[in-house]
1. Being at pLDDT 75 or above, open to solvent by less than 60 Å² (accessible area, probe 1.4 Å) and touching a Phe, Trp or Tyr at 6+ places or on another chain (Cβ under 7 Å) narrows it down to one of MET52, MET64, so name that one.
2. Identify, by number, the condition in (1) farther than 30 Å from GLU104 by Cα; (2) open to solvent by 70 Å² or more (accessible area, probe 1.4 Å); (3) modelled with pLDDT of 60 or more; (4) not aliphatic (A, V, I, L, M) that PRO14 doesn't meet.
3. Which condition number does VAL33 fail, the rest of (1) more than 27 Å from MET112 (Cβ to Cβ); (2) at pLDDT below 55; (3) surrounded by 12 or more Cβ atoms within 10 Å (Cβ to Cβ) being met?
4. Within the set of pairs 6+ apart or on separate chains, which have a first residue in the stretch 35-47 that is of a type in the set (Val, Ile, Thr), a second that is open to solvent by 40 Å² or more (accessible area, probe 1.4 Å), and C-beta atoms under 8 Å apart?
5. Counting only residues that are within 19 Å of GLU85 (Cα to Cα) and open to solvent by 70 Å² or more (accessible area, probe 1.4 Å), how many does the stretch 100-112 have?
6. Kindly list, by first and then second residue, each pair from a residue in the stretch 105-128 that is part of a helix (DSSP H, G or I) to a residue that is charged (D, E, K, R) and open to solvent by 90 Å² or more (accessible area, probe 1.4 Å), limited to pairs with Cβ atoms under 9 Å and residues at least 6 apart or on different chains.
Amino acid sequence: MTAAAANNVTVLQPRGRIGAPLYRDQWSNAKCVRIASMAAAGYTAKSIASSMSDGTTANDVTAMLSDWGLKQKGSRHSYVAVPVELTGMHRTRLADEAQRRGLEMPELIAKMTATICRDELFDAVLDG
């Protein structure tokens, strides 16, 4: 988990239910790590549960995070990091433009994508 992803999660005091089985007794370590990592990256409980493809529900994810003292904070709870493959030439061009605008490259890409979606510029960008 990156430091940036960790900033998206607030750690609270643990408050497990007496007598409730621990998630480590029910789920594999890999599954628990995957859920916690996805939550830290900003995925919603619903999208995490869907990605498990094993019957895990959004309520299961929310309960696990709550029992572990993890709580999504702010309006970024529905933001998701999207890995994008770029050629070196395109990455350099984006980095130069971001620097010219006083932004980090991920901020520039997020602003560009948001503008395309908001103003429905898909045809203009992709066809033109």
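The values are calculated or read from the model by the stated rules, or taken from the named source; none is laboratory data. From a predicted model like this one, the values you see are computed outputs, not experimental measurements. Using ideal geometry, Cβ is built from the backbone for each residue, glycine included, and neighbour counts are taken over all protein chains shown. To get the accessible areas, we keep the full protein, side chains included, count just its heavy atoms, and leave off ligands, DNA and RNA. Shrake-Rupley method; radii C 1.70, N 1.55, O 1.52, S 1.80 Å.
1. Details: MET52 fails: touching a Phe, Trp or Tyr at 6+ places or on another chain (Cβ under 7 Å).
So the residue among MET52, MET64 that is at pLDDT 75 or above, open to solvent by less than 60 Å² (accessible area, probe 1.4 Å) and touching a Phe, Trp or Tyr at 6+ places or on another chain (Cβ under 7 Å) is MET64.
2. Every listed condition holds for PRO14 apart from (3).
3. Just one mismatch for VAL33, condition (2).
4. THR44/HIS77; THR44/SER78
5. So the first thing to find is which residues in the stretch 100-112 are within 19 Å of GLU85 (Cα to Cα), and the list is 104-112.
Adding the requirement that they be open to solvent by 70 Å² or more (accessible area, probe 1.4 Å) leaves 104, 106-107, 111-112.
Qualifying residue count, the stretch 100-112: 5.
6. MET105/ARG91; GLU107/ARG101; LEU108/ARG101; LYS111/ARG101
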